[in-house]
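The values are calculated or read from the model by the stated rules, or taken from the named source; none is laboratory data. The shown structure was predicted, so the numbers you read here are calculated from the model rather than taken from an experiment. Here Cβ is always computed from backbone atoms with ideal geometry, including for glycine, and neighbour counts include all displayed protein chains. The area values use the complete protein model at the heavy-atom level, side chains included, leaving out ligands, DNA and RNA. Shrake-Rupley method; radii C 1.70, N 1.55, O 1.52, S 1.80 Å.
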Amino acid sequence: MVVLAVHLYQLRLEVGADLGEDRAQSVNGVAVEHVATVFRHKDQMDVHLENAVPSMPNIVVIAHRPNYTARMRRLQAYQYELRPDGQQERQMRRFAGSCRVVFNEALNLQKRRYEQGEKKLGYAGLCKELTAWRNGTPLPSGRTAPWLADAPVHPLQQAFKDLERAYANFFAKRAAFPRFKKKGRSDSLRYPDPKQIKLDQGNSRIFLPKLGWLRYRNSRKALGTVKNVTVSAIGGKWFVSIQTEREVPEPVHPSTSIVGVDLGVANFAALSTGEIIAPVDAMKRHAQRLARYQRAMSRKQKFSKNWIKAKARIQKLHTRIGNIRRDHLHKLSTTISKNHAAVVIEDLQIRNMSRSASGTVEQPGKNTRAKAGLNRSILDQGWFEFRRQLEYKQAWRGGIVVAVDPRNTSLGCPVCGHVAKENRITQSRFECAHCGHTAHADVNAAVTILAAGHAVMACGGDVRPCLHLGAGRAAPAKQEPAEATHAAYAA
């Protein structure tokens, strides 16, 4: 309820949003006069001096019943398996090959211009080159490709967008220099113009330029307005990814709990609540079968029909391994996101953790075989994908993900704050050498991560919990048990 005492001039508060059931009432028998309209937001008011009148000691009372219509824009992709006929499948393979050729020729052109000291062409310049190539002008490689005119022009132009993004990632040091694409690897084409796309969900079909109506397996309804469509070949099958845009209410997470998550190899994750999630180890479970398929492929003559069949069998197995891993990560991240408003995880540098230990000829590495096995296990878990899924699912539900410094999280005691290598007795057992506190090692690390997350959210920045902070940094003068810290934050 908002009470306004109006003096000197009668002000009018104008609001551009519909806040629902707002109405004026009386207070202690005082009648309400000059009723004002409702606020847009408690921190945002557009006040206009309108129809000034002599001063009148009027009291305006607004009983506000929040029914906010605040909306947020959500971009979401829906992937379906296509069911094309033989002609459509051949066309998709041709069009994807045309996009690959355009990408490779554009990369070849950019490299040649750099060697000659010329400026790199932008997207508009490459589109002009594409028009010439479609009209019969020789490609940078010297050959002609009049068949480019048979492919839809927009997916060919999107290949230039992909090349621009690859260059941007390279200059930002997020990826290596762009490489030429190979046939049969990540074949795809993207339709960016929604005006050329027709989606008929009732009949489970979609219309794409120069492909016609394509049937697909309608596993769920695509919500929102279609923005773009990507057609890709994965494991010998064709899939369509439909990106949509829609407005949804501002999310408010139903839960108020916070949980710490410790990721590992022996156990995929341990929660501060005491729950331990076993790893799925998709690659490890199929390693023997994959090795057998690869040995069989090595005995075939390269590019023969039997070699192509053996290669397709390996690709199908890799697809199955990836599907098993993603299914496990989606189920786990969805469960955690639904039950906890805030999730605290470690800010792991996976690229550094999985770096090879082979060393150089002058300085050869040590225990390279064991490190190679550890690297395979780390990459088999999918930690980065798990974090990516958690972040967008929490954003959709109104929650947050907090990443904390991983240093000493597995060695610190959450009770007394003592940090020592001797605290970790075995892989699964933690026993503090100072106070004698015992717990499961992974659960103990999750509790420590949770305490660090409380500190980050309370103080901001990279704040560590009450633990010894390592060499070169002084420990806190006074250390408190984790229970006291949690109680202080709750207060």
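Filtering region 278-306 to residues that are open to solvent by 100 Å² or more (accessible area, probe 1.4 Å), polar (S, T, N, Q) and part of a helix (DSSP H, G or I) leaves only Gln288. Here Phe180 does not qualify as surrounded by 18 or more Cβ atoms within 10 Å (Cβ to Cβ) and in contact (Cβ under 8 Å) with a residue 60 or more places away in the chain. Among the residues making up region 163-183, those that are assigned to a loop (DSSP other than H, G, I, E, B) and under 18 Å from Leu109 (Cβ atoms) are Phe177, Pro178, Arg179, Phe180, Lys181. Within region 212-227, is there a residue that is assigned to a strand (DSSP E or B), closer than 26 Å to Lys183 by Cβ and free of Cβ contacts under 8 Å to residues at least 60 places away in the same chain? Checking region 212-227: not a single residue is assigned to a strand (DSSP E or B), closer than 26 Å to Lys183 by Cβ and free of Cβ contacts under 8 Å to residues at least 60 places away in the same chain. Answer yes or no as to whether Gln196 is modelled with pLDDT of 95 or more, polar (S, T, N, Q), loosely packed, with under 15 Cβ neighbours inside 10 Å and closer than 29 Å to Met72 by Cα. Here the answer is yes, as Gln196 does meet what is asked. Of the candidates Ser356, Ser377, the single residue that is within 25 Å of Met283 (Cβ to Cβ) and surrounded by fewer than 16 Cβ atoms within 10 Å (Cβ to Cβ) is Ser356. Taken as a whole, the structure leaves Phe160 outside the set of residues that are outside any helix (DSSP H, G or I), of a type in the set (Phe, Trp, Tyr) and either open to solvent by less than 70 Å² (accessible area, probe 1.4 Å) or in contact (Cβ under 8 Å) with a residue 60 or more places away in the chain (or both).
Could you go through region 416-424 and let me know if any residue there is of a type outside the set (Lys, Arg), open to solvent by 40 Å² or more (accessible area, probe 1.4 Å) and at pLDDT 90 or above. Checked against the condition, which is being of a type outside the set (Lys, Arg), open to solvent by 40 Å² or more (accessible area, probe 1.4 Å) and at pLDDT 90 or above, region 416-424 yields at least one hit.
Taken over region 141-157, the criterion of being open to solvent by 20 Å² or more (accessible area, probe 1.4 Å) and assigned to a loop (DSSP other than H, G, I, E, B) is satisfied by Ser141, Gly142, Arg143, Thr144.
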